[in-house]
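Okay, structure first, notes after.
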Amino acid sequence: MSSKQTMQLLPVLVSLALLFVGTAAAARKTTHLKFYMHDVVTAVPSSPATTAVRVARGVTPLPLEPAIRFGDMFVIDDPLTEGPDAASPVVGTAQGFYIFASQTDFALMLTVNMVFTAGPHNGSTIAVLSRDAILDPVRELPIVGGTGVFREATGYGLLRTYSANSTTFNAVLEVDMYIRARV
Ligand SMILES: *[C@@H]1O[C@H](CO)[C@@H](O)[C@H](O)[C@H]1NC(C)=O
Ligand SMILES: *[C@@H]1O[C@H](CO)[C@@H](O)[C@H](O)[C@H]1NC(C)=O
């Protein structure tokens, strides 16, 4: 092919390339999943098993709550359920950890794999790496990846405190995930 022919073909090639890129982008779709996360720090009759275990103790007490220290780290395996009641059907589990990462505020670094165990997403996971300022009404959860039907996932989640107990530190979190993947 002469360079003149190539030049004449160029617009066609560019159009084809754009069409390909467009099709690939359109093949990703957003899945909205809503569920509740149960973080049980202290066993109580209504939640007899702990799901969050402190594995490291910080040194400096936080100004607003001396029982909590900057650097405290909890490993979690928190059940995810369809509804806010712990007895509602389980859809998965949030496995990972959170660290009290601010010296002054209740701001966690929350790092979890959300492992789905029910329905069409059974066996798939999404990876979340986030800042969780626990007193804020809404926190954003960046999705940094996924596996199974959520391979190469992007997107975000919204985290809200549904209920929390200041004596036991147990909490129920409302989670809305907007997952972009090739599902
Ligand atoms: C999820 O997948 C596992 C492994 O394939 C299977 O044993 C289990 O029964 C499935 N659970 C549901 C609720 O489909
Ligand atoms: C917090 O938990 C304690 C221990 O289970 C319970 O006695 C208390 O009523 C709870 N407080 C609230 C506001 O639910």
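The values are calculated or read from the model by the stated rules, or taken from the named source; none is laboratory data. Owing to the predicted nature of the structure, the values given are computational and were not obtained by experimental measurement. When we count neighbours, we look across all protein chains shown, and the Cβ atoms used for this are built from the backbone with ideal geometry, even at glycine. All accessible areas refer to the heavy atoms of the entire protein, side chains included, with ligands and DNA or RNA removed. Shrake-Rupley method; radii C 1.70, N 1.55, O 1.52, S 1.80 Å.
Tally time: how many residues in region 101-132 are away from ligand 1 (no atom under 16 Å from the Cβ), within 18 Å of Gly155 (Cα to Cα) and more than 12 Å from the chain's Cα centre (by Cα)?
0
Could you identify the single residue in Leu129, Leu141, Leu173 that is under 30 Å from Leu64 (Cα atoms), touching a strand residue (DSSP E or B) at 6+ places or on another chain (Cβ under 6 Å), touching a residue at least 60 places away in the same chain (Cβ under 8 Å) and aliphatic (A, V, I, L, M)?
Numbers: Leu129 fails: touching a residue at least 60 places away in the same chain (Cβ under 8 Å); Leu141 fails: touching a residue at least 60 places away in the same chain (Cβ under 8 Å).
Just one listed residue meets the conditions, Leu173.
Per-residue answers, yes or no, for (1) open to solvent by 30 Å² or more (accessible area, probe 1.4 Å); (2) closer than 28 Å to Gly145 by Cβ; (3) within 19 Å of the chain's Cα centre (by Cα); (4) of a type in the set (Asp, Glu):
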| position | (1), (2), (3), (4) |
| --- | --- |
| Lys34 | yes, yes, yes, no |
| Val40 | no, yes, yes, no |
| Pro45 | yes, no, no, no |
| Arg54 | yes, yes, no, no |
| Thr60 | yes, no, no, no |
| Pro63 | yes, no, no, no |
| Phe70 | yes, no, no, no |
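Is it the case, given these coordinates, that Leu159 is part of a strand (DSSP E or B), aliphatic (A, V, I, L, M) and open to solvent by 60 Å² or more (accessible area, probe 1.4 Å)? Even if it seems obvious, please write down each step before you answer.
Working: part of a strand (DSSP E or B): yes; aliphatic (A, V, I, L, M): yes; open to solvent by 60 Å² or more (accessible area, probe 1.4 Å): no.
No, not satisfied.
Identify all residues within region 76-100 that are more than 15 Å from the chain's Cα centre (by Cα) and either open to solvent by 60 Å² or more (accessible area, probe 1.4 Å) or within 16 Å of ligand 2 (Cβ to nearest atom) (or both); write none if there are none.
Within region 76-100, Glu82, Pro84, Asp85, Ala86, Ala87, Pro89, Val90 qualify.
Tell me which of these Pro142 doesn't satisfy, since it passes every other one: (1) loosely packed, with under 15 Cβ neighbours inside 10 Å; (2) closer than 24 Å to Ala49 by Cβ; (3) under 13 Å from the mean Cα position of the chain (by Cα).
(2)
Restricting to region 164-178, name every residue that is open to solvent by 50 Å² or more (accessible area, probe 1.4 Å) and part of a strand (DSSP E or B). Break it down stepwise before answering.
The first filter runs over region 164-178 and keeps only residues open to solvent by 50 Å² or more (accessible area, probe 1.4 Å), leaving 164-167, 169, 178.
Result: Ala164, Tyr178.
Taking region 146-161 on its own, how many of its residues are over 11 Å from the mean Cα position of the chain (by Cα) and closer than 14 Å to Met37 by Cα?
2
Val183 fails exactly one of the following numbered conditions: (1) surrounded by 14 or more Cβ atoms within 10 Å (Cβ to Cβ); (2) touching a helix residue (DSSP H, G or I) at 6+ places or on another chain (Cβ under 6 Å); (3) farther than 16 Å from Tyr36 by Cα; (4) at pLDDT 95 or above. What is the number of that condition?
(4)
Looking at this structure, is Ala86 more than 16 Å from ligand 1 (Cβ to nearest atom), of a type in the set (Gly, Ala, Ser) and out of contact with any His (no Cβ under 7 Å at 6 or more places or on another chain)?
Numbers: more than 16 Å from ligand 1 (Cβ to nearest atom): yes; of a type in the set (Gly, Ala, Ser): yes; out of contact with any His (no Cβ under 7 Å at 6 or more places or on another chain): no.
So Ala86 does not fit the description; no.
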